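The values are calculated or read from the model by the stated rules, or taken from the named source; none is laboratory data. What you see is a predicted model; the values in this text were computed from it and never measured. All Cβ positions, even for glycine, are placed from backbone atoms using ideal geometry, and neighbour counts span all protein chains on display.
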Amino acid sequence: MRLADGPGTESATQVDAAPARVWELVTDIGLAAEFSPELMRAEWLTPAGVPALGARFAGHNRNRHLGEWRTVAEVVEFVPERVFGWAVLDADGRFGPPSDDPAHPMAVWRYSVEPQDGGAVLLQSVRLGPGRSGLTAAIDRMPDLEEQLVIGRLDELRTGMEITLRGIRARAEGRTA
């Protein structure tokens, strides 16, 4: 497994709530930070402050290996009540030359909401690269360990997704996470 191949991972959960309620929660960019082990907070950078194609938001992250950093994300996929996807950019240049190009992101994240059995299936996914990130910096230092580093990062991200999805599901269903 190589980073250049654009590896990714995903996690899904069945939510016993109306798809519209699930959609409302996944497009609240600050909510994920309540559950995510890595995202600490997020705020809209676009004046309207609502999800739409081209809208941007900042993400503030923390990881035990990488420390703290800020990213800028641009909404690149938006189908109301169905799909919310964003490209994560290293606009501050934390991991290399600053990048403001959503066609060359650090990663692309996506939520999809699929109505099912009176509720919804909520899927969260990520595809890594091709832009520079903490993972590319680690691979630069240890190229012989690229496969293990990619697998480890995907495992870490999948675990974070599972935690986040449990929290969103609990909130949608009116339970405490």
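Things to note:
- Residues (over 17 Å from the mean Cα position of the chain (by Cα) and surrounded by 14 or more Cβ atoms within 10 Å (Cβ to Cβ)) located in the range 55-82: GLU81
- Residue in the range 109-124 that is in contact with a His (Cβ under 7 Å, 6 or more places away or on another chain) and within 25 Å of VAL75 (Cβ to Cβ) present: no
- Hits in the range 93-113 - residues which are surrounded by fewer than 16 Cβ atoms within 10 Å (Cβ to Cβ) and within 18 Å of the chain's Cα centre (by Cα): ASP100, ASP101, ALA103, HIS104
- When VAL22, VAL26 are screened for being surrounded by 19 or more Cβ atoms within 10 Å (Cβ to Cβ), touching a residue at least 60 places away in the same chain (Cβ under 8 Å) and more than 15 Å from the chain's Cα centre (by Cα), only VAL22 passes.
- Among the residues listed as VAL121, VAL150, the single one being of a type in the set (A, V, I, L, M, F, W, C) and in contact with a helix residue (DSSP H, G or I) (Cβ under 7 Å, 6 or more places away or on another chain): VAL150
- Checked against the criterion of being at pLDDT below 95, among the small types (Gly, Ala, Ser) and out of contact with any Pro (no Cβ under 8 Å at 6 or more places or on another chain), the range 41-55 has at least one qualifying residue.
- Only residues that are more than 20 Å from ASN61 (Cβ to Cβ) and surrounded by 14 or more Cβ atoms within 10 Å (Cβ to Cβ) were counted in the range 133-150, giving 1.
- Qualifying residues in the range 33-54 (those that are among the aliphatic types (A, V, I, L, M) and out of contact with any Gly (no Cβ under 8 Å at 6 or more places or on another chain)) - the one surrounded by the fewest Cβ atoms within 10 Å (Cβ to Cβ): ALA48
- Residue in the range 137-157 that is farther than 21 Å from ARG70 by Cα, assigned to a loop (DSSP other than H, G, I, E, B) and either at pLDDT below 95 or not basic (Lys, Arg) (or both) present: yes
- Top-ranked residue of the range 153-177 - restricted to ones that are touching a helix residue (DSSP H, G or I) at 6+ places or on another chain (Cβ under 9 Å) and without any contact (Cβ under 8 Å) to a residue 60 or more places away in the chain, ranked as surrounded by the fewest Cβ atoms within 10 Å (Cβ to Cβ): THR176
- Close contacts from the range 76-97, counting a first residue that is without any contact (Cβ under 8 Å) to a residue 24 or more places away in the chain and a second that is aliphatic (A, V, I, L, M) and assigned to a strand (DSSP E or B), with Cβ to Cβ under 8 Å and a gap of 6+ residues or different chains, come to ALA87/ALA73; ALA87/VAL76; ALA87/ALA107; ALA87/VAL108; ALA91/VAL72; ASP92/VAL72.
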